[in-house]
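The values are calculated or read from the model by the stated rules, or taken from the named source; none is laboratory data. Everything numeric in this text was worked out from a predicted model, so none of it was measured. Neighbour counts run over all protein chains shown; Cβ positions are idealised from the backbone, glycine included. Side chains included, ligands, DNA and RNA excluded: accessible areas come from the protein's heavy atoms. Shrake-Rupley method; radii C 1.70, N 1.55, O 1.52, S 1.80 Å.
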Amino acid sequence: MALTVGTAAAAQTELSMWYHGSHNETERRIIVEIVEDFNASQPDWKVILKSFPEGSYNDSVVRAAQTGNLPDIIDVDAPVVANWAWLGYLQPLRIEEAAVEAFLPSAVGRWNGHIYSVGLWEAALAILTRKSTLEKYDIRLPSLADPWSAAEFETALVKLKASGEFDYPLDLGLSREGEWFPYAISPFLQSFGGDLVDRSDYSSAQGVLNGEAALRFGTWWQSLFSRGLVPSPEQSQPNRTAALIDGTYAMAWDGNWTVLDFIDAVGEDAVFLPAPDFGKGSVIGAGSWQFGVSATSEHVDGASAFVEFAIQDRYLSTIADELGLIPPTLAAARASTTYGPEGWLPGFVDLSRQQALLRPVSPSYVVIAKVFERALVEIAEGADVKAVLDEATDDINRDITRNAGYVNQLSVD
């Protein structure tokens with residue numbers, strides 16, 4: 001028996017895998033468990049895991065692509081899947097549609113009609129606050145079916161500001177960098193009726209980032225700061241959840257991954273509310289980290305087999321319960337103690353299924369995200385709204401034109 005096991009192990013072909021979460025011990029432990037289970041489940045493949053800090057991960061992938069040293073399996077953030085596929089960092093997964101048909105659409109990375117990645121979790125934003133706060137200031141408790149209108153949201157913010165009880169009525173988490181602005185704030189723009197780029201063909205931002213709806217959004221956005229309704233992007237926020245708990249903020253626009261800590265502190269007084277409807281429906285961001293296969297991998301069958309193994313419901317439920325992240329399938333949600341029928345957070349599954357909108361699925365997104373963040377910061381600081389949005393639109397259009405519309409897929413040398 002020992003000889004048979006040893007021979008099988010020796011015959012396993014190694015698959016290199018890069019993962020972004022070395023800083024998160026619980027998350028990394030679960031990923032290591034999945035890797036070890038996969039390696040023990042079959043005789044053909046052995047995944048070798050290498051972890052990176054999230055802050056340096058994307059740069060490490062780019063450098064490896066430039067030198068031809070990509071691993072077989074890549075951890076990829078959903079909004080950059082299209083860019084990495086276009087650049088030739090990723091190749092389509094060899095996975096059947098049936099394997100992902102039960103998944104939230106945002107947990108499957110697609111581009112040009114192919115599946116490039118699949119995620120083990122999803123995330124969603126909501127307004128976190130206390131039910132007692134809403135009752136005290138006669139603010140209606142909204143629901144997914146009947147969210148606050150723009151006028152109701154405005155009234156709530158003004159009431160909470162006028163109370164003098166809080167430093168700010170609302171925290172938007174603007175001290176965060178990277179994906180936060182396009183992920184957390186662009187949904188407000190989209191609810192106004194604007195967008196980051198015209199999604200009909202992704203060839204221009206003209207009219208959607210600087211059109212009438214976007215100008216209304218920009219004016220509202222600037223007013224949040226001029227009236228002292230939210231902290232500015234320059235203000236330090238070492239612990240947003242603690243500030244919500246201690247009453248520094250009346251409400252916080254934050255993710256499901258923070259809700260359990262809030263519930264631990266305030267119990268059944270904690271509520272999480274859907275995004276307000278500014279006229280074109282309630283919208284939240286979508287798309288989190290996913291696993292794909294590098295374009296240079298010579299073992300796409302093995303790498304794809306690992307991804308398909310990793311997306312079993314039992315792992316998705318474990319991640320949900322231990323990390324507070326949303327299970328991407330209903331079966332995994334039902335099996336989760338956190339997101340199941342008796343759990344605290346099943347409503348976040350509904351938020352993801354009914355309100356979520358992916359960031360633009362285009363290789364141009366990586367530029368769009370940076371341009372949008374810069375524009376929002378400038379507007380928050382008092383710059384002319386129209387001038388800033390016109391400039392942002394021009395910058396995005398210039399990038400798309402410079403890259404020939406991003407229609408030609410590149411390849412890694």
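I368 fulfils the conditions (1) open to solvent by less than 10 Å² (accessible area, probe 1.4 Å); (2) modelled with pLDDT under 95; (3) among the β-branched types (V, I, T) except for a single criterion, (2). Pairs are defined by a Cβ separation below 8 Å, a sequence spacing of at least 6 or placement on different chains, a first member in the range 376-402 that is under 22 Å from V230 (Cβ atoms) and in a helix (DSSP H, G or I), and a second member that is open to solvent by 60 Å² or more (accessible area, probe 1.4 Å) and of a type in the set (S, T, N, Q); the pairs so defined are V385/T219. I'd like the full set of residues that are over 30 Å from R374 (Cα atoms) and either loosely packed, with under 15 Cβ neighbours inside 10 Å or aromatic (F, W, Y) (or both), limited to the range 139-179. Passing the criteria: R140, L141, S143, A145, D146, A162, S163, G164, E165. Taken over the range 287-316, the criterion of being more than 17 Å from I48 (Cα to Cα) and either open to solvent by 10 Å² or more (accessible area, probe 1.4 Å) or outside any helix (DSSP H, G or I) (or both) is satisfied by G287, S288, W289, Q290, A295, I311, Q312, D313, R314.
Which of the residues spanning the range 201-242 are part of a helix (DSSP H, G or I) and either open to solvent by less than 20 Å² (accessible area, probe 1.4 Å) or among the aliphatic types (A, V, I, L, M) (or both)?
Quick first cut of the range 201-242, residues part of a helix (DSSP H, G or I) only: 212-226, 240-242.
Within the range 201-242, A213, A214, L215, F217, G218, W221, L224, A242 meet the criteria.
Of everything in the range 123-138, what is part of a helix (DSSP H, G or I) and open to solvent by 20 Å² or more (accessible area, probe 1.4 Å)? Give them in sequence order.
Narrowing the range 123-138 to residues part of a helix (DSSP H, G or I): 131-136.
K131, S132, E135, K136 - these are the residues of the range 123-138 that are part of a helix (DSSP H, G or I) and open to solvent by 20 Å² or more (accessible area, probe 1.4 Å).
Being more than 19 Å from the chain's Cα centre (by Cα), surrounded by 13 or more Cβ atoms within 10 Å (Cβ to Cβ) and not in a helix (DSSP H, G or I) is a condition met by no residue of the range 24-40.
For the structure I just gave you, tell me whether L196 is in a loop (DSSP other than H, G, I, E, B), surrounded by 21 or more Cβ atoms within 10 Å (Cβ to Cβ) and in contact with a Ser or Thr (Cβ under 9 Å, 6 or more places away or on another chain). The answer is yes for L196.
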